[in-house]
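Take a look at the structure set out below.
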Amino acid sequence: MTAADSAERAQQQYDPREVQEKWQSRWAGMDLFRASDDPGDERPRTYLLDMFPYPSGDLHMGHAEAYAIADAVARYYFQRGHNVLHPIGWDAFGLPAENAAIRKDSHPADWTYANIETQAASFRRYGVSFDWSRRLHTCDPDYYRWNQWLFLRFYERGLAYRKDGRVNWCPHDQTVLANEQVIGGKCERCGTEVVRRVLTQWYFKITEYADRLLSDMAPLEGKWPDRVLLMQRNWIGRSEGAEIRFAIEGRDEPVTVFTTRPDTLYGATFFVIAADSPLAQEVCALEQREVLAEYLTQVRKLSDIERQSADRPKTGVFLGRHAVNPVNGERIPVWAADYVLPDYGTGAIMAVPAHDQRDLDFARAYGLDVRVVVETGEPDPAVSGIATHGDGTLVNSGPIDGLDKASAIARITEILAGQGEGRAAVSYRLRDWLVSRQRFWGTPIPIVYCSSCGEVPVPDEQLPVVLPDLRGQDLVPKGVSPLAAAGDWVSTECPKCGGAARRDTDTMDTFVDSSWYFLRYCSPGYEHGPFDVEAVRRWCPVDLYVGGVEHAILHLMYSRFFIKVLHDMGMVDFTEPFTRLLNQGQVIHQRHDALGLIQHRAQLELESKPRQFRQVSFQRLLYVLTHEIGRVGKAGADDVLVALGDQVEALLIAVAHRDKIR
């Protein structure tokens, strides 16, 4: 080979970094993917959205997979002549930033903004078709100002309220968790066993929208993954039944319980109250209070998961009182037990041991009566130890003897209603959304407390309530928000009377930030509200939303709730935020299953013309993916870019998902 041949070959060699730097600068200058807001633009509009990233470090292969999908779809619609909105931003508040800052003795803002810039640079290397002009960060005051504005609108409508309640508490992160953030009894963030505490907290009344959250799923059938819709239905947990009033000895007001099987009322042989509920303390006879107090020390050591475990022996104490069955006047003993939870329903149940396994286990443990009232042809539960759950025929039940389940439920409910002792009712598993967090790095709650005026909203013109800087201060959580130690910030004037007042020192759950961010993209610089109503009407709802299934009953449920409230406020003209939803799956940690799928599908598309793909042979591509990246879950996406160029992994992933993005 001559020197001239060597020189020519060197010139023909592909240098990914050199090519990327050249074309990325040109792409940035051309602003190729900016969406047009011109009302006169007659091109069909398409709004494509990826769930925005959390700035926890640089991007990894999971990000590469997720963002390549919407990128491929966006490019398809660009080529079809559509006016495409494909924005990017950062979900920038939250515990990881605060915990990282504590470990590194730095400030959460420094850590967050540095990671945002790192991720932004990686996204630009990917060459993803983002409209960078709409970039937003939820930790910017000009964004979270509108979190506070929306909180106040919810407050005015009775949808934001404060109350004492038993809450999920993470001892490691020293903060409250919503029910949806407790997985298997542990904190979803750090895996610490969650305990229960009684605190005064802020809630959003999502339960007021439970029926609409259910009924509005109908148009999503076939457009959202079936499992996501099923998970939301199960989480909402709508149950039809009856509320029944039981008189309790020594108490003026009756106690109401909800049951889905009012037909079994004649089989109620005892009454159970959650041991750690205020009702148990109220009902307990004087001579049993010491016994209850001793029992409570045991119950408080248990998690809710342990208390509801079917395998765990049931425990309880007699409260020295009796309840009266409203249909037959029978006196039945009232017990406090661990298997009933205080914050579900009224914290009390009628126990029908023949037809409920937990009640039967308790009855057998304490020698309580077991009475069959539904004949199913199965062995007597008092003998077999197995409760009978079948529909069967009613027996030992007075006026409803001989009826089937449905007829008996209707008849006994009618009887109870006629006597003023009950009524038909609907109950939900869904609980109101607990939004208070005892951490620094989040949106301050825009409420002050005045000794004269009480609870006072911060006026709109004083928003945003900006976080104090607290650089150099101790941000380690100690059971209350670090904001409580910022005396100058906490002390303020009452907006109503001008007297001394104190700010609320909790911050909002970061799922508030992500419940409406997709609306802000439509007019990111708008200063007269959270979004320009007309701009949202032009672009929304989102046509395709891409993200992980792990958000099925968190972010997605909350976003649907927010849109329904905004619809009722007249701010949006649709009731569902995302027309279509695609779950991209997960890159598998230290395994090659996902990699093998990508390789197999990519080979079908690429092996016929490998050298047209950036002059990189397919064999070399597979070698790099398999041997240089290796453990897919841990590999940084930048490794792919360095080895093969900015579009390689995007094309492979798009090919792997081609069956999902048609």
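The values are calculated or read from the model by the stated rules, or taken from the named source; none is laboratory data. No experiment lies behind these values; they were computed from the predicted model shown. Cβ coordinates were reconstructed from backbone atoms using ideal geometry, including for glycine residues, and neighbour counts include every protein chain displayed. Protein only, heavy atoms only, side chains kept; ligands, DNA and RNA dropped before computing areas. Shrake-Rupley method; radii C 1.70, N 1.55, O 1.52, S 1.80 Å.
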I'd like to verify a number: residues in segment 408-446 that are under 30 Å from Gln462 (Cα atoms) and in contact with a Pro (Cβ under 6 Å, 6 or more places away or on another chain), how many? 2
Determine whether Ala406 is open to solvent by less than 50 Å² (accessible area, probe 1.4 Å) and either part of a strand (DSSP E or B) or small (Gly, Ala, Ser) (or both). no
Restricting the search to segment 23-51, which residues are aromatic (Phe, Trp, Tyr) and open to solvent by less than 90 Å² (accessible area, probe 1.4 Å)? Trp27, Phe33, Tyr47
May I ask you to verify whether Arg212 is of a type outside the set (Phe, Trp, Tyr), open to solvent by 20 Å² or more (accessible area, probe 1.4 Å) and over 30 Å from Gly585 (Cα atoms)? no
Which residue pairs have Cβ atoms closer than 7 Å, lie 6 or more positions apart in sequence or on different chains, and pair a first residue in segment 87-107 that is on the phi < 0 side of the Ramachandran plot and among the acidic types (Asp, Glu) with a second residue that is at pLDDT below 80 and open to solvent by less than 30 Å² (accessible area, probe 1.4 Å)? Glu98/Leu475
Against the condition open to solvent by 60 Å² or more (accessible area, probe 1.4 Å) and out of contact with any strand residue (DSSP E or B) (no Cβ under 6 Å at 6 or more places or on another chain), how does Glu414 come out, does it pass? yes
Determine, yes or no, whether Val194 is over 16 Å from Leu556 (Cβ atoms) and open to solvent by 40 Å² or more (accessible area, probe 1.4 Å). no
Please work out if Leu394 is within 30 Å of Asp140 (Cα to Cα) and either more than 28 Å from the chain's Cα centre (by Cα) or open to solvent by less than 50 Å² (accessible area, probe 1.4 Å) (or both). no
State all residues of segment 100-143 that are within 20 Å of Met508 (Cα to Cα) and touching an Asp or Glu at 6+ places or on another chain (Cβ under 7 Å); if no residue qualifies, say none. Pro108, Thr138
Phe440 - would you say it is open to solvent by less than 10 Å² (accessible area, probe 1.4 Å), within 22 Å of Asp110 (Cβ to Cβ) and among the aromatic types (Phe, Trp, Tyr)? yes
Which listed residue, of Ile400, Ile409, Ile415, is touching a Leu at 6+ places or on another chain (Cβ under 8 Å) and aliphatic (A, V, I, L, M): Ile400
Taking segment 471-492 and keeping residues under 29 Å from the mean Cα position of the chain (by Cα) and hydrophobic (A, V, I, L, M, F, W, C) leaves Leu475, Val476, Val480, Leu483, Ala484
If you check Val167, Val176, which single one turns out to be in a strand (DSSP E or B), surrounded by 21 or more Cβ atoms within 10 Å (Cβ to Cβ), modelled with pLDDT under 95 and within 15 Å of the chain's Cα centre (by Cα)? Val176
Can you find, within segment 154-164, the residue that is nearest to Gln24 (Cα to Cα) among those that are open to solvent by 10 Å² or more (accessible area, probe 1.4 Å) and not in a strand (DSSP E or B)? Tyr155
Any idea which residue in segment 135-153 is farthest from Pro108 (Cα to Cα), counting only those that are touching a strand residue (DSSP E or B) at 6+ places or on another chain (Cβ under 7 Å) and open to solvent by 20 Å² or more (accessible area, probe 1.4 Å)? Arg135
Out of everything in segment 318-333 that is in a strand (DSSP E or B) and within 15 Å of Val370 (Cα to Cα), what residue ends up being most open to solvent (accessible area, probe 1.4 Å)? Arg331
Within segment 83-121, how many residues turn out to be closer than 18 Å to Leu49 by Cα and either polar (S, T, N, Q) or in contact with a helix residue (DSSP H, G or I) (Cβ under 9 Å, 6 or more places away or on another chain) (or both)? 11
Condition check for Ala92: modelled with pLDDT of 90 or more, under 36 Å from the mean Cα position of the chain (by Cα) and open to solvent by less than 30 Å² (accessible area, probe 1.4 Å): yes
Need pairs with beta-carbon distance below 9 Å; first residue within 17 Å of Pro96 (Cα to Cα) and within segment 52-68, second part of a loop (DSSP other than H, G, I, E, B) and open to solvent by 20 Å² or more (accessible area, probe 1.4 Å); sequence gap 6+ or separate chains. Phe52/Asp91; Pro53/Asp91; Tyr54/Asp91; Tyr54/Thr510; Pro55/Asp91; His60/Val587; His60/Gly633; His60/Lys634
Over segment 130-153, the set of residues closer than 14 Å to Tyr526 by Cβ and assigned to a strand (DSSP E or B) is Ser133, Arg134, Leu136
Every residue in segment 389-404 that is closer than 18 Å to Ala268 by Cβ and modelled with pLDDT of 95 or more, please. Leu394, Val395, Asn396, Ser397, Gly398, Pro399, Ile400, Asp401, Leu403
In segment 359-381, anything within 42 Å of the chain's Cα centre (by Cα), farther than 20 Å from Lys405 by Cβ and of a type outside the set (D, E, K, R) is listed as Phe362, Ala363, Ala365, Tyr366, Leu368
Name the residues in segment 377-388 that are surrounded by 14 or more Cβ atoms within 10 Å (Cβ to Cβ) and part of a loop (DSSP other than H, G, I, E, B), would you? Glu378, Ala387, Thr388
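Can you find a residue in segment 298-309 that is among the polar types (S, T, N, Q), at pLDDT 95 or above and over 25 Å from Asp380 (Cα atoms)?
no
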Number of the exception - Ala120 against (1) of a type outside the set (Phe, Trp, Tyr); (2) under 27 Å from the mean Cα position of the chain (by Cα); (3) not in a helix (DSSP H, G or I): (3)
May I ask you to list the residues in segment 66-89 that are surrounded by fewer than 24 Cβ atoms within 10 Å (Cβ to Cβ) and among the hydroxyl-bearing types (Ser, Thr, Tyr)? Tyr76, Tyr77
From the options Asp343, Asp359, residue that is within 28 Å of Gln419 (Cβ to Cβ) and either at pLDDT 95 or above or open to solvent by 10 Å² or more (accessible area, probe 1.4 Å) (or both): Asp359
